[in-house]
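One structure below.
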Protein chains: 4
Amino acid sequence: MSQPVCAIVGAGEGLGRALAARFSGAGFSIGLVSRTETGSAAAFEAAAAAGTRESVRFVAADASQPETIERALANIAGELGEIDLLIYNARREFTACEPLEMTYAALEDSYRVEVVGAFAAAKSVLPAMRERGHGSIFFSSATAAFRGSATYPLYAIGKFGLRALSQSLCKAYSRDGVHIVHFRLDCDLDVPVMRELYGDRYDPEKLADPADVAEAYWLAYQQPKSAWSNEVELRPHTEAWTC
Amino acid sequence: MSQPVCAIVGAGEGLGRALAARFSGAGFSIGLVSRTETGSAAAFEAAAAAGTRESVRFVAADASQPETIERALANIAGELGEIDLLIYNARREFTACEPLEMTYAALEDSYRVEVVGAFAAAKSVLPAMRERGHGSIFFSSATAAFRGSATYPLYAIGKFGLRALSQSLCKAYSRDGVHIVHFRLDCDLDVPVMRELYGDRYDPEKLADPADVAEAYWLAYQQPKSAWSNEVELRPHTEAWTC
Amino acid sequence: MSQPVCAIVGAGEGLGRALAARFSGAGFSIGLVSRTETGSAAAFEAAAAAGTRESVRFVAADASQPETIERALANIAGELGEIDLLIYNARREFTACEPLEMTYAALEDSYRVEVVGAFAAAKSVLPAMRERGHGSIFFSSATAAFRGSATYPLYAIGKFGLRALSQSLCKAYSRDGVHIVHFRLDCDLDVPVMRELYGDRYDPEKLADPADVAEAYWLAYQQPKSAWSNEVELRPHTEAWTC
Amino acid sequence: MSQPVCAIVGAGEGLGRALAARFSGAGFSIGLVSRTETGSAAAFEAAAAAGTRESVRFVAADASQPETIERALANIAGELGEIDLLIYNARREFTACEPLEMTYAALEDSYRVEVVGAFAAAKSVLPAMRERGHGSIFFSSATAAFRGSATYPLYAIGKFGLRALSQSLCKAYSRDGVHIVHFRLDCDLDVPVMRELYGDRYDPEKLADPADVAEAYWLAYQQPKSAWSNEVELRPHTEAWTC
């Protein structure tokens with residue numbers, strides 16, 4: 001099979017779907033990993049529509065159980081060929097709470113998805129990528145990776161850890177030709193759940209379009225290896241950002 | 001009992017001991033928390049020598065088991081009075097490994113000590129501090145909290161998480177009068193284990209003296225509440241640092 | 001004239017030349033601005049070779065004299081049409097010195113090129129870009145914008161200022177559709193002057209290929225406006241970086 | 001004369017006055033430098049009241065003219081003895097403007113006060129400090145040194161440059177025993193001009209008390225040299241900060 005292969009862990013109806021469509025449209029075979037087939041259905045259909053149904057696969061796994069991630073990615077590589085691009089896009093549903101309300105179980109569960117699962121995914125593809133001397137590993141992250149939060153502390157703690165993992169992998173394995181990128185989405189996405197959340201305050205100009213974010217991933221994928229970014233920030237032109 | 005109370009979680013023979021001596025010398029009762037009484041023996045003797053033996057307590061707890069931290073700190077508050085200053089100084093023995101060598105168990109264990117244990121300690125003292133409108137919580141951390149590592153990835157991932165926790169607590173509870181500080185030690189400490197590690201390359205001028213670091217904690221403790229630092233960096237004058 | 005227009009201020013034989021070739025090859029008219037025509041000769045020929053000689057212009061200006069920059073860019077817009085992409089790539093020859101050796105004149109001269117000249121260039125194109133609701137302004141910068149230096153303090157002070165300018169412009173004018181990017185080159189470039197400087201230690205694997213950097217600018221130019229990066233880092237895969 | 005000597009460049013009625021009082025009260029001779037004697041009158045009286053009138057001096061200089069700074073500090077050292085602590089506290093009156101409204105003259109003038117004047121002051125005391133193997137140089141700065149601004153771009157550009165200067169001096173001269181600190185005031189100060197500016201919204205709880213900030217400088221001055229901070233952030237406990 002001569003198509004390049006893109007595996008997406010955490011392939012929901014928002015960014016996951018847009019990524020599946022973008023890379024399928026660019027000629028990639030697509031392997032989708034979510035907890036349930038329903039969870040990836042929109043991404044599956046989008047990938048099939050942008051490319052061909054034959055080159056899309058779904059495999060179930062639970063991001064909080066690293067061995068299931070390993071098996072799913074081995075499965076995808078077995079069916080579609082070695083993975084050229086791994087996108088780790090999983091995250092826990094985040095619910096607001098003040099720090100003192102965090103339970104120990106929630107702290108560990110969030111970490112398992114954000115960090116341990118991300119590591120399991122990277123670990124599943126890195127040895128083959130290093131051997132071939134190329135490959136890309138992209139982590140979807142957020143501004144929460146850069147600052148703590150009085151209202152979403154679990155999310156911040158998880159994303160800080162994910163960023164540390166991403167930097168550590170870069171520093172160890174970039175020299176082998178593996179392009180590792182931490183994407184900081186500095187905004188909310190214009191996805192169904194956000195439209196509901198915003199209600200009357202919904203303003204598409206203030207949000208990132210998932211298709212645009214997927215396009216930015218695609219552009220990063222094309223960076224030549226003497227001019228790589230390892231941390232990429234993405235925000236709408238309307239965003240009043242701080243560093 | 002009218003002495004202020006300082007609790008130190010992770011009270012070994014290095015920085016823990018220096019902190020115990022410094023705050024005991026300043027008139028604090030000292031509560032020491034380590035896994036074993038032997039582990040805190042040097043800190044205990046230093047605190048007793050700098051103050052009085054009667055105002056020093058040891059309570060055993062395992063930083064990777066948050067409930068034991070809670071019990072130990074409740075115990076100290078019961079015996080010595082409400083805790084004015086909590087110093088979380090626990091960390092796992094760090095051993096070098098490249099990222100791909102990390103086990104899932106090691107990733108979780110490191111996080112339990114660096115983040116979950118730190119949270120358990122903070123949670124044990126915060127409600128009383130908020131009620132009284134003052135108190136201080138100090139986290140011992142490192143430059144590893146600011147950058148990933150090809151050789152100590154576990155340490156970096158843990159310290160990033162600790163920094164996110166510290167910032168989140170600041171943003172939620174500073175306004176209640178609780179001074180929360182993340183101390184970034186940007187250097188190795190001049191402690192027995194480092195002297196061994198450095199061997200012939202041992203040069204005390206290149207290392208931070210634990211007594212000096214303890215002095216810097218003491219100075220931070222005295223900051224007035226309209227001019228607080230929440231992230232404090234400390235390094236020897238010989239250090240060629242990067243931000 | 002229906003071609004998009006790219007103006008490059010500081011169009012030498014290294015990155016300037018590669019940028020001229022890349023954007024000319026993509027169908028842009030190219031306006032080159034340097035102190036002397038000789039200084040831009042290599043860039044001129046590269047642009048002519050990648051596109052057509054008719055759509056390349058050279059205009060002389062001195063980056064340390066802001067009015068000359070304004071005139072040069074007005075001149076280019078008059079001849080080639082409104083500028084779609086402005087790349088500010090000028091910098092002073094940097095020579096090593098310790099901080100105490102800096103002269104006041106050198107401090108001011110460096111600032112004039114790095115900050116005042118960059119502002120003059122941005123100011124020359126921003127009003128038209130805001131009116132049309134689109135346009136891109138790219139600043140070539142370096143890791144020196146993120147940390148001071150014991151050996152190149154002038155360069156660091158200049159690049160910090162350039163970064164502050166870039167962020168300030170972003171925060172004021174991104175919402176009008178103008179994409180402003182600070183490119184942090186986290187490496188030396190594989191250009192003639194560096195080959196000489198490195199001598200026996202010259203290793204192309206450790207340096208960024210100017211053509212690759214130009215490609216990365218081109219990719220950034222294509223980011224859709226709900227997913228923009230405003231600070232882009234670029235480094236070779238061999239670089240052992242710190243944040 | 002055996003008292004230690006503190007020189008304050010930019011000694012107005014706000015922070016300058018509080019610093020003069022704090023260090024005079026701690027037994028320092030105080031040298032005050034401002035453009036006019038009237039500008040330092042409040043600081044002079046505060047220093048005299050906290051110590052003795054005999055050990056306070058005023059010398060006029062213009063921070064935008066580096067030679068006048070050099071002469072003023074030489075003058076102070078001649079009269080009071082070698083300077084142990086230099087505090088550079090000068091800044092331009094900052095007025096809001098959007099980036100496109102900045103004039104080239106304002107850009108240069110701001111830089112002269114924020115960076116060139118700060119360098120002139122440091123240069124005046126560094127050689128003697130290095131020879132003696134100790135001394136402290138403190139720069140008053142702000143959060144503006146960490147992020148650009150759509151409304152105060154001049155201030156941000158100046159403070160970025162000041163931070164670069166401070167880091168460069170640290171990296172070159174800390175090893176000689178000189179403690180160099182960039183103070184980031186992450187808040188407005190509770191000073192007369194701010195009370196006016198805030199009007200009805202004036203709330204002392206939200207502002208930093210200059211006496212508290214001066215206390216924090218005093219605490220930093222006491223850090224032992226194996227545990228120095230080179231960048232100190234200060235904010236009121238009520239501040240909702242971002243990194």
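The values are calculated or read from the model by the stated rules, or taken from the named source; none is laboratory data. Because the structure is predicted, anything quoted here is derived from the model rather than measured. Every residue, glycine as well, gets a Cβ built from its backbone with ideal geometry; the counts of neighbours run over all protein chains shown. In case anyone asks, the SASA skips ligands and DNA or RNA and just uses the protein heavy atoms, side chains included. Shrake-Rupley method; radii C 1.70, N 1.55, O 1.52, S 1.80 Å.
At a glance:
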item	result
Backbone HN-Hα couplings from phi across segment A:95-100 [Karplus 6.51/-1.76/1.60, Hz, Gly and Pro as x]	10, 5, 7, 7, x, 5
Computed label-point distance, nm, for sites B:D203 and B:R53 using a 7 Å Cα→Cβ extension	4.3 nm
Axis-proximal residue, chain C, for the rotation superposing C on A (Cβ, Å)	C:L219, 2
Cα-based helix-to-principal-axis angle, C:153-173 vs chain C, degrees rounded to 10	30 degrees
Size-normalised alpha-carbon gyration radius of segment D:112-163, reference 2.2 N^0.38 Å	1.36
Relative contact order, percent, segment D:68-136 [alpha-carbon distance under 8 Å, six or more residues apart]	55 percent
Angstrom value of the Kirkwood radius, inverse mean 1/r, which spans all Cα pairs in segment C:1-91	12.3 Å
Copies compared at B:T38 - label distances in nm, ascending, label defined 7 Å from Cα in the Cβ direction	5.6, 7.5, 7.8
Shortest-first nm distances, C:L100 label point to equivalent points in other copies (7 Å, Cα→Cβ)	4.7, 5.0, 5.3
Exposed-site-free run, longest, chain A (rule: GluC sites (Glu not before Pro); DSSP loop; at most 13 other C-beta within 10 Å)	A:94-243
Probe 1.4 Å, protein heavy atoms only - accessible area per residue of segment C:1-112 in square angstrom	41 Å²
Radius ratio Rg over Rh of segment D:1-51, counting only Cα atoms, Kirkwood formula for Rh	0.94
Alpha carbon centroid spacing (whole Å) that separates segment B:5-55 from segment B:111-162	20 Å
Cα-based Kirkwood hydrodynamic radius, the protein assembly as shown, one decimal, Å	29.6 Å
Stokes-Einstein D in µm²/s, Kirkwood radius over Cα pairs - segment A:96-141 at 10 °C with 1.306 mPa s viscosity	125 µm²/s
Listed residues C:L189, D:L197, B:L219 arranged by accessible area, highest first, probe 1.4 Å	D:L197, C:L189, B:L219
Contact order relative to length of segment A:1-148, as percent, for alpha carbon pairs under 8 angstrom and 6 or more apart	25 percent
Cα long-axis angle, helix D:210-221 against chain D (0 to 90 degrees, to the nearest 10)	50 degrees
Cα-based shape type of segment B:126-231, given that a ≥ b ≥ c are square roots of the gyration tensor eigenvalues and the cut on a/c is 1.5	oblate
Share, in percent, of DSSP beta bridges within the protein assembly as shown that are antiparallel, nearest 5	5 percent
Qualifying lysines (Cα of each under 22 Å from Cα of B:K123; at least 8 residues distant if same chain)	A:K159, B:K159, B:K171, B:K225
Karplus-derived HN-Hα couplings along segment B:76-84 (A = 6.51, B = -1.76, C = 1.60, θ = phi - 60°), whole Hz, x at Gly and Pro	5, 4, x, 7, 9, x, 3, 7, 8
Distance between segment A:182-219 and segment D:214-243 - C-alpha centres, whole angstrom	38 Å
In Å², nearest 10: area of A:H134 left accessible to a 1.4 Å probe	90 Å²
Segment B:100-184 - percent of accessible surface contributed by carbon and sulfur, probe 1.4 Å	52 percent
FRET efficiency, C:E70 to C:E196 (Cβ-Cβ, R0 35 Å, nearest 0.05)	0.50
Rg ratio (alpha-carbon, reference 2.2 N^0.38 Å) - segment A:39-113	1.41
Inter-copy separations for B:A49, label at 7 Å along Cα-Cβ, nm, ascending	4.6, 7.5, 7.5
Rh (Kirkwood; distinct C-alpha pairs) - chain B, Å	18.0 Å
Net charge of neighbours whose Cβ lies under 12 Å from the Cβ of D:A118, counting Lys and Arg as +1 and Asp and Glu as -1	+4
Accessible surface buried once B binds A (1.4 Å probe; total of both sides; Å²)	3400 Å²
Filtered chymotrypsin sites (Phe, Trp or Tyr not before Pro), segment C:159-231: DSSP coil and at most 15 other beta carbons within 10 Å	C:Y202
